[in-house]
Amino acid sequence: MSFFDIDKILFTVLGYSISYLELFGLLTGVIAVVLSSLANIWSWPLGLINVTLSFFLFFQVQLYPDMFLQVFFFVTNVMGWWRWAHPKPGEEDKAKQLKISFLPYRKLILYSLISVAGTMVMALFASNLHEWFPLIFTKPSASPYLDSFITVMSVMATFLMIQKRVECWVIWVLVDVVATYVYFIRDIRFYSLMYFVFCIIATFGFWNWWREYKSYSKTAA
């Protein structure tokens with residue numbers, strides 16, 4: 001189990017020690033997100049590896065909402081893999097996979113309100129974990145509000161990504177900006193770097209998915 005120990009160092013760069021866990025978490029995460037931006041279905045199985053590694057990492061740096069988020073991600077990676085590969089009649093693209101679409105306006109407002117409420121509830125929960133379960137969570141949650149924002153908005157973005165909604169990439173950009181800051185101050189700087197790269201990939205993902213969505217009307221014409 002030493003591979004999953006954040007103190008098991010692989011190498012050091014400019015005075016920063018990089019563990020096996022952090023490095024392989026970064027590599028699998030970046031590749032999975034790149035594949036997602038290209039609407040490539042193989043992003044989902046690679047994501048399963050990434051979330052497993054991230055679960056162990058976040059537990060060891062007391063980012064508990066992020067830790068719980070990985071359990072959700074594991075389930076949704078399986079769901080997304082199935083959903084993209086088995087579209088309903090009329091939802092298929094030319095590769096016989098789920099087509100890209102936009103979220104209806106009313107649902108966009110509803111999901112936004114749910115996200116705000118969810119962030120506040122999660123932050124309250126995270127702030128009290130060390131008091132409610134002191135044997136498991138021996139230290140207080142670090143950055144509970146920002147970390148809860150990352151958690152709740154990631155849930156929403158993942159839900160929209162499973163449905164191949166373009167708006168998921170707008171949410172991912174917001175999540176990635178906040179995560180870049182939080183992980184940097186928690187001294188898991190390779191993960192901070194990874195989420196900075198994710199900001200760039202998410203921007204590309206939005207453009208690429210929007211471009212593919214526009215191509216459907218040209219094909220129909």
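The values are calculated or read from the model by the stated rules, or taken from the named source; none is laboratory data. As the structure is a prediction and not an experimental result, all values here were calculated from the model. Virtual Cβ from ideal backbone geometry, glycine too; neighbours counted across all protein chains shown.
Enumerate the pairs (first residue in the stretch 1-30 and in a helix (DSSP H, G or I); second residue anywhere and polar (S, T, N, Q) and surrounded by 13 or more Cβ atoms within 10 Å (Cβ to Cβ)) with beta-carbon separation below 8 Å, excluding pairs fewer than 6 apart on the same chain, so at least 6 apart or on different chains.
25/50; 25/54; 28/50; 29/50; 29/54
Residues to consider are 188, 200; find the one that is under 26 Å from residue 56 (Cβ atoms) and among the β-branched types (Val, Ile, Thr).
Matching residue, one of 188, 200: 188.
When the stretch 67-76 is examined, which residues are found to be farther than 18 Å from residue 179 by Cβ and either surrounded by 21 or more Cβ atoms within 10 Å (Cβ to Cβ) or β-branched (Val, Ile, Thr) (or both)?
Step one: filter the stretch 67-76 for residues farther than 18 Å from residue 179 by Cβ, giving 74-75.
Within the stretch 67-76, 75 is the sole residue that qualifies.
Please find, among 129, 124, the residue that is within 17 Å of residue 65 (Cα to Cα) and surrounded by fewer than 17 Cβ atoms within 10 Å (Cβ to Cβ).
124
Can you pull out every residue in the stretch 31-53 that is in contact (Cβ under 8 Å) with a residue 60 or more places away in the chain, surrounded by 18 or more Cβ atoms within 10 Å (Cβ to Cβ) and either in a helix (DSSP H, G or I) or of a type in the set (Val, Ile, Thr) (or both)?
Hits for the stretch 31-53 are 33, 36, 37.
Only one of (1) modelled with pLDDT under 90; (2) crowded, with 20+ Cβ neighbours inside 10 Å; (3) within 30 Å of residue 210 (Cβ to Cβ) fails for residue 64. Which number is that?
Looking at each condition in turn, residue 64 falls short on (3).
When residues of the stretch 139-188 are filtered for being part of a helix (DSSP H, G or I) and acidic (Asp, Glu), how many remain?
Filtering the stretch 139-188 down to residues part of a helix (DSSP H, G or I) leaves 144-162, 168-185.
Checking which are acidic (Asp, Glu) leaves us with 147, 176.
Selection size over the stretch 139-188: 2.
Within the stretch 136-145, identify whether any single residue is of a type outside the set (Lys, Arg), touching a His at 6+ places or on another chain (Cβ under 6 Å) and surrounded by fewer than 21 Cβ atoms within 10 Å (Cβ to Cβ), and answer yes or no.
Checked against the condition, which is being of a type outside the set (Lys, Arg), touching a His at 6+ places or on another chain (Cβ under 6 Å) and surrounded by fewer than 21 Cβ atoms within 10 Å (Cβ to Cβ), the stretch 136-145 yields at least one hit.
Restricted to the stretch 204-221, and to residues that are hydroxyl-bearing (Ser, Thr, Tyr) and exposed (fewer than 14 other Cβ atoms within 10 Å of the Cβ), which residue is modelled with the lowest pLDDT?
So, considering only residues that are hydroxyl-bearing (Ser, Thr, Tyr) and exposed (fewer than 14 other Cβ atoms within 10 Å of the Cβ), the one modelled with the lowest pLDDT is 219.
Go over the candidates 94, 99, 88 one by one and state the one that is at pLDDT below 80 and not polar (S, T, N, Q). It would help to see each step written out before you state the result.
Numbers: 99 fails: at pLDDT below 80; 88 fails: at pLDDT below 80.
Exactly one of 94, 99, 88 is at pLDDT below 80 and not polar (S, T, N, Q), namely 94.
On the basis of being surrounded by fewer than 21 Cβ atoms within 10 Å (Cβ to Cβ), within 30 Å of residue 11 (Cα to Cα) and not small (Gly, Ala, Ser), does residue 180 make the cut?
The answer is yes for residue 180.
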